[in-house]
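Structure, as structure tokens:
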Amino acid sequence: SAKWNDNDGVLHRTFHLTAHAHIVHYGRSVWNDAVTFAIVRHPLARQVSNFFFLLHQSEITKRQRRNTTNDRLIPTDGSVTSESPDEVKIRAFHEWIANLYEAYPNGHYLFGSKGHGNEVYSTTTFNATQTSWLVDETGQAIVVERVIQLEELSNSNSSLS
């Protein structure tokens, strides 16, 4: 995937590219001429995926462990790993959600994924809502033509052609 830094030094890449970053990098006319769509996940499924992705990342290196566990509250005490039995993983996920709710009572933890350029939409959190991937430079207007739920993707394929 292509990578570049914008004028503010924010790293963008074509893999997990926001609509806004695409418009900035390729231009509004290219965006307007393209067929645009986004695939979003059910919020709970997204958080389950997010938790296990971050847990796996925390197992890779100590540097990544610091980056993914401090504000994100990913357990690093060895009580749960990507190899743990399902019952342990489920309990750890529920505890993680409860810990986040307690640590971020005012909603500052948006239960999103880290940046990929979405930092420009909020200075109060490192997270990105699913909507932030779909909006223009105002952060308010959804600019993709079509939003498809991942759970319905198999039913939507024919309409993408």
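The values are calculated or read from the model by the stated rules, or taken from the named source; none is laboratory data. Remember, predicted model here, so these are calculated numbers, not experimental data. Here the Cβ is made from the backbone with ideal geometry for all residues, glycine too, and neighbour counts use every protein chain on show. Side chains included, ligands, DNA and RNA excluded: accessible areas come from the protein's heavy atoms. Shrake-Rupley method; radii C 1.70, N 1.55, O 1.52, S 1.80 Å.
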* Structure fact -> The condition from (1) at pLDDT below 75; (2) out of contact with any Leu (no Cβ under 9 Å at 6 or more places or on another chain); (3) among the aromatic types (Phe, Trp, Tyr) that TYR109 misses is numbered (2)
* **Where a residue in the stretch 122-140 is within 16 Å of ALA21 (Cβ to Cβ) and open to solvent by less than 50 Å² (accessible area, probe 1.4 Å) and its partner, wherever it lies, is modelled with pLDDT under 80 and not hydroxyl-bearing (Ser, Thr, Tyr), with Cβ under 6 Å and at least six apart** => ALA128/GLY112; ALA128/ASN118; SER132/ASN118
* Got a number for residues in the stretch 72-93 being closer than 18 Å to ALA45 by Cβ, open to solvent by less than 30 Å² (accessible area, probe 1.4 Å) and either of a type in the set (Phe, Trp, Tyr) or free of Cβ contacts under 8 Å to residues at least 12 places away in the same chain (or both)? -> 1
* ASP86: out of contact with any strand residue (DSSP E or B) (no Cβ under 6 Å at 6 or more places or on another chain) and at pLDDT below 75, yes or no? -> no
* For the stretch 141-161, what are the residues that are modelled with pLDDT of 80 or more and open to solvent by 80 Å² or more (accessible area, probe 1.4 Å)? -> ILE142, GLU145, ARG146, GLN149, GLU151, GLU152
* To do: Output the residues belonging to the stretch 4-48 that are open to solvent by less than 50 Å² (accessible area, probe 1.4 Å) and assigned to a helix (DSSP H, G or I).
  => ALA19, HIS20, ALA21, HIS22, ILE23, TRP31, ALA45, ARG46, GLN47
* Which pairs do you get when a residue that is over 18 Å from GLU137 (Cβ atoms), found in the stretch 11-23, comes within reach of a residue that is among the aliphatic types (A, V, I, L, M), reach meaning Cβ atoms under 8 angstrom, with the pair 6+ apart or on two chains? -> ARG13/ALA2; THR14/ALA2
